[in-house]
Amino acid sequence: MLTAFLNTLKVKELRNRLLFTALIIVLVRFASNIPCPGVDPAALEKFITEVTANSTSGGFMALIDLFSGGALAHFALGALGIMPYITASIIIQLLVPVLPQLEKMQREGETGRQKISQYTRYLTIIVCVVQGAMVAVAMVNPSKLGLPNPSEPLFIGSKAVFIPITVLVITCTTMVFTWLGEQITERGIGNGVSLIITINIVSRLPHSVIELIDMAIKGQTPDGGTFRPVQLLLLLAVFCGVTAATILLSQGYRRVPIQMVRKTVGKQMMGGSTYMPLKVNFANVMPIIFAGALLMLPEYLFQYMAARSDASSIWLKLAMFFRQDGAGYMVTYGLLILAFSFFWVANQFNPIQIADNLKKEGAYIPGISPGQPTADFLDTAMTRVTAGGAVFLMALALFPMFLYNSFRIPFMVAQFFGGTSLLIMVGVVLDTMSQLESHLTMRHYEGFLKSGRLRSRSGN
């Protein structure tokens, strides 16, 4: 593998792509550490220190902070990171099978995809304004996000000036990040937006490792629990095992045999046997994101109701039920992941269209009649594959919460043992290595594997 990395520097085009990508990553991380205008860094740092004891609070905001590489916690220029673009892309993808106009655009090829990308950018601006306004108002009054009010103001100057300027700066930075991600895709090593998210997530890994080592040296967790050096070794073994399981989940698929009718095209004979891959984790991290975003609302809603109701004890009990460190939250979270896994497949996997395309190309599944029987077979097969993948995904998402609740591992450390962080890191790293391997093998260099090949998440 070391030889393969050295080979990437021997190919001029690939070397230029790597340097270009590295330059953009430096710019993104630089913007993620510069505070927004008007922010009082000292007061903000003091406030963050006060609220880190409740490390699982934050809901969807915690997810945004994760994707921004900690920029939200420091209220940097890139406070929202690339998350608004991800949100807009998810909304557009969900609307494609619902709105005939978008579905028609998608079938128009490259022209249609460019139009959809443009609509995604417009929607990104709207999402930026909404989320930017939320975090700006939260800086003025943190209690609106369920956080305690700071002992001193977190911003300098007038509230009427701070909020609009903050929204403008954050929106512009996010749109620049989006453009930089597209540049990585076109002129870098690919996976631009995903790579920016991955780098932001990985940027928090060194701090987590240092915190683990510090716990092993001191012999206790931040909340006073016991932590022995042998537990550090066990966590390392668990991390390796969970990472291996995540790779299996990301790369796993079921092969559906496809028989192509043989025909002569020019001097070549086309057709023969092939297969269609049905991915085990077709929805990737989308169910986890959907479930986390949806469960952000109940705790804050019930806290709001408790503050304005005589029967506050009932609302407070409901709010406690949906706390992220509670059993009720974990059960609801797991069930929502299962539901959204099937929901995503139902919206994005169209067995009827696939069956029609196979029929038009003269292809068929051995033993299955073309047309509706093929669609029914694919629907049943995909449902069974998704069932196993959804259970696996649910277990992977809940594992960090289990570590936090049972062993009092800090949530910032536990999040690297599963869930969104590990899925994104593993998936993007595998995709990037697959693309680098393609460049190397085209130029007759040895790839990352001496036998076999890497598969991208698309299953190709």
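Could you go through segment 148-163 and let me know if any residue there is assigned to a helix (DSSP H, G or I), in contact with a Gly (Cβ under 6 Å, 6 or more places away or on another chain) and of a type in the set (A, V, I, L, M, F, W, C). Yes, segment 148-163 contains at least one residue that is assigned to a helix (DSSP H, G or I), in contact with a Gly (Cβ under 6 Å, 6 or more places away or on another chain) and of a type in the set (A, V, I, L, M, F, W, C).
Restricting attention to segment 402-443, the residues that are small (Gly, Ala, Ser), in contact (Cβ under 8 Å) with a residue 12 or more places away in the chain and in a helix (DSSP H, G or I) total 5.
Take the conditions open to solvent by 60 Å² or more (accessible area, probe 1.4 Å), β-branched (Val, Ile, Thr) and part of a helix (DSSP H, G or I) and apply them to residue 337. Does it pass? Spelling it out, it is not the case that residue 337 is open to solvent by 60 Å² or more (accessible area, probe 1.4 Å), β-branched (Val, Ile, Thr) and part of a helix (DSSP H, G or I).
For residue 98, the criteria (1) farther than 28 Å from residue 184 by Cα; (2) of a type in the set (Val, Ile, Thr); (3) touching a strand residue (DSSP E or B) at 6+ places or on another chain (Cβ under 9 Å) hold in every case but one, which is (3).
Residues in segment 356-374 that are surrounded by 20 or more Cβ atoms within 10 Å (Cβ to Cβ) and in a helix (DSSP H, G or I): 358, 374. Sub-6 Å Cβ pairs linking a first residue in segment 279-291 that is at negative phi to a second residue that is polar (S, T, N, Q), at least 6 apart or interchain, are 283/341; 285/420; 287/341; 288/420, ordered by first then second residue.
Filtering segment 420-433 to residues that are in contact with a Gly (Cβ under 9 Å, 6 or more places away or on another chain) and either modelled with pLDDT of 85 or more or closer than 30 Å to residue 351 by Cβ (or both) leaves 420, 431. With the condition kept exactly as written, say whether any residue in segment 149-165 is aliphatic (A, V, I, L, M), under 24 Å from residue 289 (Cα atoms) and either modelled with pLDDT of 85 or more or surrounded by 12 or more Cβ atoms within 10 Å (Cβ to Cβ) (or both). No, that holds for no residue. Among the residues here, residue 69 does not qualify as open to solvent by less than 20 Å² (accessible area, probe 1.4 Å), more than 12 Å from the chain's Cα centre (by Cα), modelled with pLDDT of 80 or more and within 15 Å of residue 203 (Cα to Cα). Residues satisfying the criterion are present in segment 340-352 (criterion: farther than 24 Å from residue 249 by Cα and either of a type in the set (Gly, Ala, Ser) or open to solvent by 30 Å² or more (accessible area, probe 1.4 Å) (or both)).
Hey, can you tell me all the residues within segment 316-332 that are in a helix (DSSP H, G or I) and farther than 19 Å from residue 407 by Cβ?
Kept after step one, since they are in a helix (DSSP H, G or I), are these residues of segment 316-332: 316-321, 327-332.
Once the filter is applied, which keeps residues that are in a helix (DSSP H, G or I) and farther than 19 Å from residue 407 by Cβ, segment 316-332 yields 316, 317, 318, 319, 320, 321, 328, 331, 332.
Filter segment 96-143 down to the residues that are within 22 Å of residue 84 (Cβ to Cβ), in contact (Cβ under 8 Å) with a residue 24 or more places away in the chain and not aliphatic (A, V, I, L, M) and list them by number. Within segment 96-143, 119, 120, 121, 124, 128, 131, 132, 142 qualify. Selection within segment 380-406: residues that are of a type in the set (Ser, Thr, Tyr) and modelled with pLDDT under 90. The member of this set that is surrounded by the most Cβ atoms within 10 Å (Cβ to Cβ) is 404. Here is a check on your reading of the model: is residue 214 among the acidic types (Asp, Glu), in a loop (DSSP other than H, G, I, E, B), more than 11 Å from residue 28 (Cα to Cα) and open to solvent by 10 Å² or more (accessible area, probe 1.4 Å)? It is false that residue 214 is among the acidic types (Asp, Glu), in a loop (DSSP other than H, G, I, E, B), more than 11 Å from residue 28 (Cα to Cα) and open to solvent by 10 Å² or more (accessible area, probe 1.4 Å).
The values are calculated or read from the model by the stated rules, or taken from the named source; none is laboratory data. Since this is a predicted model, take the numbers as computed values, not measurements. Neighbour counts are summed over all protein chains in view; Cβ atoms, including those assigned to glycine, are modelled from backbone coordinates with ideal geometry. Surface accessibility is based on the protein's heavy atoms, side chains included, excluding ligands, DNA and RNA. Shrake-Rupley method; radii C 1.70, N 1.55, O 1.52, S 1.80 Å.
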